[in-house]
Amino acid sequence: MDSSATKGLTLRSHTGVAYRFDPGALCLELLTTGGPGPYRRYEVLHEPADLATWADRSRLTPTPALDISATDVADMRRLRDALFRVFIAHARGEPHPPRDLEAINEAAARPALAPAITSAGKRQWAGTPTGTHLAATVARDAVELLTGPFAHRIRTCAAEDCHLIYVDTSRPGRRRWCSMEHCGNRHKVRALRARHTEEG
C-alpha cells in the first residue's frame with residue numbers, strides 16, 4: 001500500500017457540493033476517475049493531460065513529471081476497470097475475477113516509478129517516468145493492499161446511492177462512509193428527520 005503523504009481528493013456530489021474523500025490507497029484513488037459499465041459516465045481519463053492531472057491530485061509525492069502517450073491512457077483505463085471489478089468482488093466476499101487479476105499482475109510486473117534522492121536531500125523520481133511506470137506503481141499498490149493486513153477492511157460506502165471504495169485504516173476499524181462530511185452527514189440528517197417524524 002502506498003505510504004506517501006496524502007494530498008487528498010476533492011470530489012463533487014451530483015448536486016455540485018465539493019467534499020474531501022480519502023480512499024486510503026493510491027490504487028483506490030484511481031477508481032474515482034470512472035469505471036466499467038454504469039460508471040463509464042464518470043470517465044475523466046480521455047487524454048494524456050487527464051492522466052497527468054490525476055497523478056498530480058494523487059498521493060504520489062512529489063508529483064511525477066510523466067511522459068504519457070494515448071496508449072498509456074487506454075492501458076490505465078483497462079487497469080482501472082480490472083481493479084474496480086476486483087475490489088467490488090473483494091468487498092462483497094466474492095472470488096476475484098481471474099482475467100482481471102491477470103491484468104493487474106501483468107501491469108505490476110512492469111517497471112514501476114523508482115524513487116531517488118537529489119543532492120539537496122529531496123525526494124524525486126528517477127529517469128523519465130512514463131504512463132507505464134505509473135500503471136505499474138498503481139498495480140503494485142493494489143497487490144500490496146489485497147494481500148496485506150488491511151485486505152479485510154476494503155469496503156464500499158454504506159450509503160445506498162454511493163459506490164466509492166475505500167480501505168478503513170482507522171484504529172477502531174469502524175468507518176462506514178466514503179466521507180463523514182458527505183455521505184455520513186446525509187445519513188445523520190436523514191436519521192434526524194426520521195426521528196422528528198416519529199416524534200411528531
*asked:* When you check Thr130 against the structure, is it open to solvent by less than 40 Å² (accessible area, probe 1.4 Å), touching an Asp or Glu at 6+ places or on another chain (Cβ under 7 Å) and not charged (D, E, K, R), yes or no?
replied: yes
*Filter segment 63-72 down to residues that are of a type in the set (Val, Ile, Thr) and surrounded by fewer than 19 Cβ atoms within 10 Å (Cβ to Cβ) and give me whichever is modelled with the highest pLDDT.*
Thr71
*When only residues in segment 107-120 that are touching a residue at least 12 places away in the same chain (Cβ under 8 Å) and open to solvent by 40 Å² or more (accessible area, probe 1.4 Å) count, which is farthest from Arg40 (Cα to Cα)?*
Ala114
*Report, ordered by the first and then the second residue, all pairs with beta carbons closer than 7 Å, sequence separation of six or more or different chains, a first member in segment 121-135 that is over 21 Å from Cys27 (Cβ atoms), and a second member that is part of a strand (DSSP E or B) and acidic (Asp, Glu).*
Thr128/Asp67
*Quick one: in segment 177-194, which of the residues that are open to solvent by 20 Å² or more (accessible area, probe 1.4 Å) and touching a strand residue (DSSP E or B) at 6+ places or on another chain (Cβ under 8 Å) is modelled with the lowest pLDDT?*
His182
*Could you say which residue among Arg85, Arg41 is farther than 16 Å from Arg140 by Cα, at pLDDT 95 or above, open to solvent by 60 Å² or more (accessible area, probe 1.4 Å) and charged (D, E, K, R)?*
Arg85
*Restricting attention to segment 89-102, report how many residues are surrounded by fewer than 20 Cβ atoms within 10 Å (Cβ to Cβ) and touching an Asp or Glu at 6+ places or on another chain (Cβ under 9 Å).*
1
_Members of segment 49-73 that are aliphatic (A, V, I, L, M) and touching a strand residue (DSSP E or B) at 6+ places or on another chain (Cβ under 9 Å)_ = Leu60, Ala65, Leu66, Ile68
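The values are calculated or read from the model by the stated rules, or taken from the named source; none is laboratory data. Given the structure is predicted, the values throughout are model-derived calculations rather than measurements. Neighbour counts run over all protein chains shown; Cβ positions are idealised from the backbone, glycine included. Heads up: the accessible areas ignore ligands, DNA and RNA and are worked out on the full protein's heavy atoms, side chains in. Shrake-Rupley method; radii C 1.70, N 1.55, O 1.52, S 1.80 Å.
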